[in-house]
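The values are calculated or read from the model by the stated rules, or taken from the named source; none is laboratory data. All values derive from a computational prediction rather than experimental measurement. Neighbour counts are summed over all protein chains in view; Cβ atoms, including those assigned to glycine, are modelled from backbone coordinates with ideal geometry.
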Amino acid sequence: MFTRREMITSLGGGLGSIALAGLMTQHAGAVPIGPHHPPRAKRVIHLFMNGGPFGPDFLDPKPALTTHAGQRPGEVNLRTERPTAGLMASPFRYRPCGQSGVPVSELLPHFSRCIDDVCVLRSMHTDNPNHGPALFMMNNGSMTPTRPSLGAWLSYGLGSENAELPGFVVLCPGRPVRFAEMWSSGFLPSEHQGLYLNHSDLDPQRMIPNLRNANGNFPSQRRQLDLLRQLNEDHRAERGPDPALEARIQTMETAYRMQSAASDAFDIRLEPQRVREQYGTGHFANACLLARRLAERGVRFTQIYYGNGQPWDTHNNHNEAVRGLARDIDKPIAALLTDLKQRGLLDETLVVWGGEFGRTSTSESGNGRDHNHWGFTMWLAGGGVKGGVTHGASDDFGFRAMHDKVHIHDLHATILHLMGFDHERLTYRHAGRDFRLTDVHGEVVRDVLR
């Protein structure tokens, strides 16, 4: 006779062991509450440029940076705090693109062909210029690391479209700063935590450790799971409900189904060669193609971190570094937007691009740029937002958001709105109060909605 502990151990040859690893919490699985109003988007793909890109290099042209290069902002009457370094020009040329004529930098020739589907937010701002707090704010709506992430909130509110795959997937070829805290479920039921995958290896069997049962005996494993469930039902009948235990068993069931579903969904080698060539090569290209495959299969929230650590944190050799970074993202992002549109998925998929903050218009160490939380650029595409438009404006040097400002809370409120939620009503009772992603802040940016 197996004990419950022995039974769980016996499942270690498959993904069940992974499913249990992060789920020992006090909270239960919850029935999704469903949207408050008809959603415009069914899912989100978040392209996260960890480290923070400089908007004027890409989608917010600032010719005054060239005109006044080397001067201190105070000498040209910039109404901001006075940095100690001089202004540093952005050397990249712009041209109007698409039918809309939105200016796009020469760094993004492929992406420029998609600009009519893109809404550029030129007036973003956040609360802290340090990576850790800013990363938490962008992901969790708070500078506190114990709060649920955006993906977890969407999973909690909507549940999963596909019971065979997780609803929230995080792709990163390494470990971004603060790592798993950024896709945590926090105090939400633990089943809503993001599934982190290092997608450096294209083989799903190696990408997802213990994906398949070592002996391949699925009928036997199914019988073990059924017996384990019966043991737990007996336990519940004797001792009363144990919602945390039920949440763990539900996750093990998903893990069991993933053994076959994930082998297909996460294998971009199954794509035609012409499609893979459209996306290009490299870890970011592979992640974008994988995100499209997951979107097709109903994954609610796919988050792609550009790379290990903080690759966009260009304190030195900024212009040279940005050229390489832009080459890596340009073709894959254009392919993702084009591919989603051709398959009829873009209208119901919200694509979000940006970092945790921006970079300064002044130089650091002569050829780098420091962190800047006062003003930066992001963009949205698909999922109910207007295309071929810009929203808001920064000052003449791209240092501070000035007009139609958009805080991270406003961005989160807008994303939730597009997914069918009133951000003030999507709450969870914890520690004696109702929490929400936007805390007590946030306004939907209605000007960007179709």
Checklist entry - Has the stretch 11-33 got at least one residue that is assigned to a loop (DSSP other than H, G, I, E, B), at pLDDT 95 or above and in contact with an Asp or Glu (Cβ under 6 Å, 6 or more places away or on another chain)? => result no
Next on the checklist: Of everything in the stretch 406-450, what is more than 19 Å from residue 40 (Cα to Cα), surrounded by 19 or more Cβ atoms within 10 Å (Cβ to Cβ) and charged (D, E, K, R)? Give them in sequence order.
Outcome noted: 436
Checklist entry - Of the residues in the stretch 161-212, how many are polar (S, T, N, Q), over 21 Å from residue 308 (Cβ atoms) and surrounded by fewer than 18 Cβ atoms within 10 Å (Cβ to Cβ)? => result 2
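Identify the residue in the stretch 114-125 that is in contact with a strand residue (DSSP E or B) (Cβ under 7 Å, 6 or more places away or on another chain) and outside any strand (DSSP E or B) and, among all such residues, is nearest to residue 337 (Cα to Cα). Working first, answer last.
To start, the set of residues in the stretch 114-125 that are in contact with a strand residue (DSSP E or B) (Cβ under 7 Å, 6 or more places away or on another chain) comprises 115, 117-125.
Pick out the ones that are also outside any strand (DSSP E or B) and you get 115, 117.
Details: 115: 10, 117: 8 Å.
Step by step, filter the stretch 114-125, then rank; the result is 117.
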Checklist entry - Do any strands (runs of 3 or more DSSP E) entirely within the stretch 341-450 hold 1 or more residues that are farther than 30 Å from residue 73 by Cβ, and if so, which? => result 349-354, 376-381, 428-430, 433-435
Checklist entry - Of the residues that sit in the stretch 88-136 and are more than 22 Å from the chain's Cα centre (by Cα) and aromatic (Phe, Trp, Tyr), which one is farthest from residue 310 (Cα to Cα)? => result 94
Checklist entry - What tally of residues in the stretch 296-341 results from selecting those that are under 20 Å from residue 92 (Cα atoms) and touching a strand residue (DSSP E or B) at 6+ places or on another chain (Cβ under 7 Å)? => result 6
Next on the checklist: Can you pull out every residue in the stretch 410-450 that is among the small types (Gly, Ala, Ser) and either at pLDDT below 95 or more than 24 Å from residue 121 (Cα to Cα) (or both)?
Outcome noted: 431, 432
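For the stretch 298-330, name all the residues that are surrounded by fewer than 17 Cβ atoms within 10 Å (Cβ to Cβ) and in a loop (DSSP other than H, G, I, E, B). Steps first, answer last, please.
Filtering the stretch 298-330 for residues surrounded by fewer than 17 Cβ atoms within 10 Å (Cβ to Cβ) gives 298, 308-309, 315-317, 320, 323-324, 327.
Across the stretch 298-330, the qualifying residues are 298, 308, 315, 316, 317.
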Checklist entry - Residues of the stretch 90-113 being outside any strand (DSSP E or B) and charged (D, E, K, R), which ones? => result 93, 106, 113
Checklist entry - Given the conditions (1) without any contact (Cβ under 8 Å) to a residue 40 or more places away in the chain; (2) assigned to a helix (DSSP H, G or I), and given that residue 333 satisfies all but one, which numbered condition is not satisfied? => result (1)
Next on the checklist: Show me the helices (runs of 4 or more DSSP H) entirely contained within the stretch 141-248 in which 1 or more residues are at pLDDT 95 or above.
Outcome noted: 150-158
Checklist entry - Do we find a residue being modelled with pLDDT of 95 or more, touching a His at 6+ places or on another chain (Cβ under 9 Å), within 30 Å of residue 285 (Cα to Cα) and surrounded by 13 or more Cβ atoms within 10 Å (Cβ to Cβ) anywhere in the stretch 96-116? => result no
